[in-house]
Number of protein chains: 2
Amino acid sequence: MPTATASPQHTLDSTDRSSPYVERKAASITQGIMSIEGLSLNLATVRQWGFREAVEACARHGLTGIAPWREQVVALGPKEASRIVKANGLRVTGYCRGGLFPAADAAGRQAAIDDNRRMIDEASTIEAEGIVVIGGGLPEGSRDLAGARKMFADGVAAVLPHARACKVPLALEPLHPMYAADRGCISTLSEMLDLCDLLGEGLGVAVDVYHLWWDPTLAQQIARAGRRIIAHHICDWLVPTKDILNDRGMMGDGVIDLRGIRALIEAAGYRGVQEVEIFSNDWWAKPGEEVLTTVIERFNRVCMPL
Amino acid sequence: MPTATASPQHTLDSTDRSSPYVERKAASITQGIMSIEGLSLNLATVRQWGFREAVEACARHGLTGIAPWREQVVALGPKEASRIVKANGLRVTGYCRGGLFPAADAAGRQAAIDDNRRMIDEASTIEAEGIVVIGGGLPEGSRDLAGARKMFADGVAAVLPHARACKVPLALEPLHPMYAADRGCISTLSEMLDLCDLLGEGLGVAVDVYHLWWDPTLAQQIARAGRRIIAHHICDWLVPTKDILNDRGMMGDGVIDLRGIRALIEAAGYRGVQEVEIFSNDWWAKPGEEVLTTVIERFNRVCMPL
C-alpha cells in the first residue's frame, strides 16, 4: 500500500534526479500519493463521447486525469484542448500515441521521426506527463521482425533529444505478441528496458496489464524497471476474446490478477495513476456515463492491492 | 541444409542415446533425412475429411506422415486407426493433444493425469512418434497463472514415468500468449525447456511457428533446445487476423519468416518433418484436395531454408 513515507520522488532515471523535466512529474506523482484512488481515463475507453464531454464527465466524477489521443487534441488544437483540461482541474497523464517507426524506406522512417517530433511539441503544449510510444508493425511485405525492432530503436534514439529538450518523457509500451505483425513489434518489457538501458535519460516504460499479464518474467521485469515505470494501464482479458483488437474487458470481468500486478508495480516504486484503457465494441455501445461509473466502481473494488 | 553427414541420431536426451524408445525415433528421422521434402499433415488442417479419406489422400500425394487428433483415433479404435495408417505407408509423426493439467481441485487434476496415461497407451498402439502436450488454461474462476503453470509441471512429472515405459516421447508445446487464459498457460519455449531441464529424459519440445514467431529470444531458445526439438509445426500469421482461434494462414500468406526459423531449427540439429497445422475457417470451407495441393506447393516453395 502506498504511504506518506514512500518516496514522493519519481524520476525517469534514478542517476539524474536533478533533470528539470522531472519536477513536473514529481509534482504530479506527489498528487497521486495524496489520492490513493488515483484514476485516469484513456479517452479511447469512451469514444462515444467527444473530447469536451469526456473531460467534463471525468471532472464531475472526481477523476485525477485523462489520457487523450492525438486526433482529438489536434482537431481542437493543442492550446484549446489544454484549456479545456485545465478548466476542469484535470491532469494529462499520458498522450497517445507515438512510435510506429518501422517503414519500408528511408523516407518513411524519416516521416515517422518528424511526426513524432511534432507530437512531442503537442505533448509539451498540453503538458502531458508522457507520450505513449509503441513499436509499430512490420513494413508492408516484410517478414523481418528483427529489422523492425532495429528501426524502432533507431527512431526512439532520433527523437529522444527533442523529447528531453521539451521535458516530455517517452513511455515505451510493449504490446501483446498478437500485435507484433501490425502494431507493436516490441512485445516484452524486457526489450523495452534494454532500450532504456541503452539510451538512458528521458525514457521510461508503460506497463499495460493487457499486453503483459501472461509474461512468465513479468514480476522480474517490473522489479528491474523500478522507477522507470511511468504509466500503468489497466483493463482485463476476457475469456473468450471475440475480437483481437476491440474486445478488452472491464476490470474484474476477466482473468488478469490486477491487484497482484499493481502490488508488484508499487513495490517497484511507482505510485502514479492507473489509467483505464478499454477498447471494446461492447462498452462503446453503452452510454458513456454507464461506462464511466462502472470504471470507477471496478477501480475501487478490484484494482487496489489488498 | 540437411546433409548426409549430419548426425542421423535424434535423441530426446543427448545424455542417454541408448534409451530404447530412441530407436523408433532415430529410424524415422533417418528417413526424414533421405526425404528433404519431409512433410506431415496435422489432420485438423483438413477436418472437412474423415480420417480414412485424409490418410488416403496424404498417401496418394506422397506425404511422409500424418498427425491425428485423439477424437479421430478413439472413434475408430487405435488398432484400426493404426492399420489404416500403415496400409497407406505413412508414419504417425505426432498425436494431438495431451497435457491440459490445471484443474480447480485435486479430483480434476487426477482425472487429467489418468486421461493422459490412457492417451499414452493409445499413442503406443498407433506408434506415434510423440504426443503433443499443451499447458491448459486457468481453472474456472482462477486468476493464478503461476499456480496453473505449477499444476502443468506436476502433471507432466506424474505421467512421465508411464510415457518412458511406453517409449512415447512427450513434445511440450508452448502456445501463443493469446491462449494463456484458456488453452496454454505456458507461452514460451524457455519455460518448456526449463521443465525439460528439470524432469529430463522422455521430454522434448514442439516448435510451432504460429505460437513462437514473435519471441525476441526465439533464436537463442531454439539453439538451447538443440536435439530436444522433436516436432516442428508450420502455418502462417495473417494480417489482419480475423479470429483468435481459427484464422491461421497457409504458409506464404502471412508474415512469419518460415525459412529463417527452419534454418535455426536445422542448425539446432532437428532434421525431422515439418507438420502443417492450420486451423482456419477459410481453409475448412474449401475442398480437402485443394487444401492439400496448396499445402504441398507452399511447403516446397516457402518453407525450406535457401
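The values are calculated or read from the model by the stated rules, or taken from the named source; none is laboratory data. Keep in mind it's a predicted model, so treat the numbers as computed, not measured. Here Cβ is always computed from backbone atoms with ideal geometry, including for glycine, and neighbour counts include all displayed protein chains. With ligands, DNA and RNA removed, areas are computed over all heavy atoms of the protein, side chains included. Shrake-Rupley method; radii C 1.70, N 1.55, O 1.52, S 1.80 Å.
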*asked:* I'm a student and want to see the number: the projected area of the Cα convex hull of the range B:55-213, averaged over all directions, in nm².
replied: 9.5 nm²
*What FRET efficiency, computed as 1/(1 + (r/R0)^6) with R0 = 41 Å and r the Cβ-Cβ distance, is obtained for A:A219 and A:K79, rounded to the nearest 0.05?*
0.45
*Over the range B:126-171, give the accessible area per residue in Å² for a 1.4 Å probe, as an integer.*
34 Å²
*Tell me, what is the FRET efficiency for A:A267 and A:E297 to the nearest 0.05, using R0 = 30 angstrom and their Cβ-Cβ distance as r?*
0.70
*In Å, descending, principal axis extents of the Cα set of the protein assembly as shown*: 80, 56, 45
*List the lysines whose Cα lies under 24 Å from the Cα of A:K167, skipping any in the same chain that are fewer than 8 positions away.*
A:K25, A:K79, A:K86
*chain A - percent relative contact order, Cα under 8 Å, separation 6 or more*: 20 percent
*Relative to the isolated chain, which residues of the range A:179-216 have their accessible area cut by 30 Å² or more in the presence of all protein chains (1.4 Å probe, heavy atoms, no ligands or nucleic acids)?*
A:A181, A:D182, A:W213, A:W214, A:P216
*Once you have all Cα-Cα distances for chain A, histogram them in 10 Å bins from zero and send the whole-percent values.*
6, 29, 38, 23, 3, 0
*asked:* Inside 10 Å of the C-beta atoms of B:236-242, what's the mean count of C-beta atoms belonging to other chains?
replied: 4
*Sorted from shortest, what are the nm distances separating the label point of B:E297 from equivalent points in the other copies, each placed 7 Å from Cα along Cα to C-beta?*
5.6
*Highest-fluctuation residue, A:L238, A:L212, A:L258 considered, GNM on chain A with Cα pairs under 10 Å*: A:L238
_Roughly how large is the A-B contact in terms of buried accessible area, totalled over both chains, probe 1.4 Å, nearest 100 Å²?_
2200 Å²
_For the range A:250-306, what does the accessible surface come to per residue with a 1.4 Å probe? Please give it in Å²._
35 Å²
*So which lysines pass the test for A:K150, namely a Cα distance under 24 Å, with those fewer than 8 places away in the same chain ruled out?*
none
_Share of carbon and sulfur in the accessible heavy-atom surface of the protein assembly as shown [1.4 Å probe, %]_ = 52 percent
_Residues of the range A:182-221: accessible area per residue with a 1.4 Å probe, Å²_ = 25 Å²
*With labels modelled as points extended 7 Å from the Cα through the Cβ direction, what inter-label distance (nm, one decimal) is found for B:D114 paired with B:D197?*
3.6 nm
*Considering only the label points, 7 Å along Cα→Cβ from Cα, what distances in nm to one decimal separate B:A146 from the same position in each other copy, shortest first?*
3.3
*Put simply, what bits of the range B:127-148 lose 30 Å² or more of accessible area when the other protein chains are there, versus the chain on its own (1.4 Å probe)?*
B:R143, B:L145
*Give the cross-link partners of B:K242 among the aspartates and glutamates, using a straight C-alpha distance below 19 Å as the criterion and excluding same-chain residues fewer than 8 apart.*
A:E140, A:D182, A:D243, A:D247, A:D282, B:D182, B:D253, B:E277, B:D282
_Just want the answer: with Cβ charges of +1 for Lys and Arg and -1 for Asp and Glu, which residue in B:L264, B:H211, B:G249 is farthest toward the dipole's positive end in the range B:210-306?_
B:L264
*asked:* Run the numbers for A:R60 and A:L306: contour at 0.36 nm per residue of separation, minus the present Cα-Cα distance, in nm.
replied: 85.8 nm
_Treating the range A:130-253 as a set of equal point scatterers at the Cα positions, no solvent, please give the Debye-formula log₁₀ I(q)/I(0) at q = 0.15, 0.18 Å⁻¹._
-0.70, -0.98
*Rounded to the nearest 0.05, what FRET efficiency do B:E290 and B:E71 have when you use their Cβ-Cβ distance and R0 = 25 Å?*
0.55
*Work out the length of the dipole vector of the protein assembly as shown about its Cα centre, built from +1 on the beta-carbon of each Lys and Arg and -1 on the beta-carbon of each Asp and Glu, and round it to the nearest 20 debye.*
520 debye
